[in-house]
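These notes concern the structure reproduced below.
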Amino acid sequence: MNRRFSDLNFDFENYVKYLCGKDNLVKVYYYNAHVRRRVNPGIWKKQRILFDKLNSNSYFKVTLCTRKSRLDMLGKEYYTIKGDDICLALDMIEDCYNDKFDKVILISGDGDFVELLKRVDKKGKGIGVCYFANCISRSLLNQADEIYLIDKKITNKFFWRG
């Protein structure tokens, strides 16, 4: 979100509370995967610190998925996170049907979540979608009661500068 600062400098808790506004924050589910330690030990160490920091916060539940190697059309290797979407969907549905929230805020632009949000909506829950500009499915936005653009001007307020 800001090239001058790492994610370690971002105040995730207060940013999410900002998104919640007057609503009470119940839980934040965070899905990610480690980079390969032997491939990039520096980034792996920073990720470990971030994941430990988030895990130590009672609002956060960090789910670490797997990172899989893929090849692009030119044969260049890249990595994708696998399992995060299904873990998110299962957690959201379980909490929805167990009445653990009144409103959910999904931070994603992925249109694959449209059907998930339709199910949540059928249970009478409020739906917010938080997204990056130019990285959003129109169908996903159409499912939301409220939308939140991840805006650099706003997010910059949540970076520690020390």
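The values are calculated or read from the model by the stated rules, or taken from the named source; none is laboratory data. This is a predicted model, so every value here is computed, not measured. Backbone-built Cβ (ideal geometry, glycine too); neighbour counts: all protein chains shown.
Which residues, counting only those in the stretch 7-35, are farther than 17 Å from Trp160 by Cβ, touching a residue at least 40 places away in the same chain (Cβ under 8 Å), of a type outside the set (Val, Ile, Thr) and outside any helix (DSSP H, G or I)? Break it down stepwise before answering.
Let us first name the residues in the stretch 7-35 that are farther than 17 Å from Trp160 by Cβ, namely 19-35.
Applying the additional criterion that residues be touching a residue at least 40 places away in the same chain (Cβ under 8 Å) yields 19-20, 23, 26-27, 29, 31-33, 35.
If we keep only those that are of a type outside the set (Val, Ile, Thr) as well, we get 19-20, 23, 27, 29, 31-33.
Answer for the stretch 7-35, where residues must be farther than 17 Å from Trp160 by Cβ, touching a residue at least 40 places away in the same chain (Cβ under 8 Å), of a type outside the set (Val, Ile, Thr) and outside any helix (DSSP H, G or I): Asp23, Lys27, Tyr29, Tyr31, Asn32, Ala33.
Test Leu90 against the criterion of being without any contact (Cβ under 8 Å) to a residue 24 or more places away in the chain and under 20 Å from Val28 (Cα atoms), and give yes or no. Talk me through it step by step, then tell me what you get.
Numbers: without any contact (Cβ under 8 Å) to a residue 24 or more places away in the chain: yes; under 20 Å from Val28 (Cα atoms): yes.
Against the criterion (without any contact (Cβ under 8 Å) to a residue 24 or more places away in the chain and under 20 Å from Val28 (Cα atoms)), Leu90 qualifies.
If the requirement is being modelled with pLDDT under 95 and either surrounded by fewer than 16 Cβ atoms within 10 Å (Cβ to Cβ) or in contact with a Gly (Cβ under 9 Å, 6 or more places away or on another chain) (or both), which of these qualifies: Gly111, Gly124, Gly162?
Numbers: Gly111 fails: modelled with pLDDT under 95; Gly124 fails: modelled with pLDDT under 95.
Result: Gly162 is the single residue among Gly111, Gly124, Gly162 that is modelled with pLDDT under 95 and either surrounded by fewer than 16 Cβ atoms within 10 Å (Cβ to Cβ) or in contact with a Gly (Cβ under 9 Å, 6 or more places away or on another chain) (or both).
All but one of (1) of a type in the set (Asp, Glu); (2) more than 14 Å from the chain's Cα centre (by Cα); (3) surrounded by 15 or more Cβ atoms within 10 Å (Cβ to Cβ) hold for Asp91, so report the exception by its number.
Every listed condition holds for Asp91 apart from (2).
Do we find a residue being assigned to a loop (DSSP other than H, G, I, E, B) and either exposed (fewer than 12 other Cβ atoms within 10 Å of the Cβ) or modelled with pLDDT under 95 (or both) anywhere in the stretch 52-68?
Narrowing the stretch 52-68 to residues assigned to a loop (DSSP other than H, G, I, E, B): 56-59, 65.
Narrowing the set further to residues that are either exposed (fewer than 12 other Cβ atoms within 10 Å of the Cβ) or modelled with pLDDT under 95 (or both) leaves 56, 58.
Yes, there is a match, as at least one residue in the stretch 52-68 is assigned to a loop (DSSP other than H, G, I, E, B) and either exposed (fewer than 12 other Cβ atoms within 10 Å of the Cβ) or modelled with pLDDT under 95 (or both).
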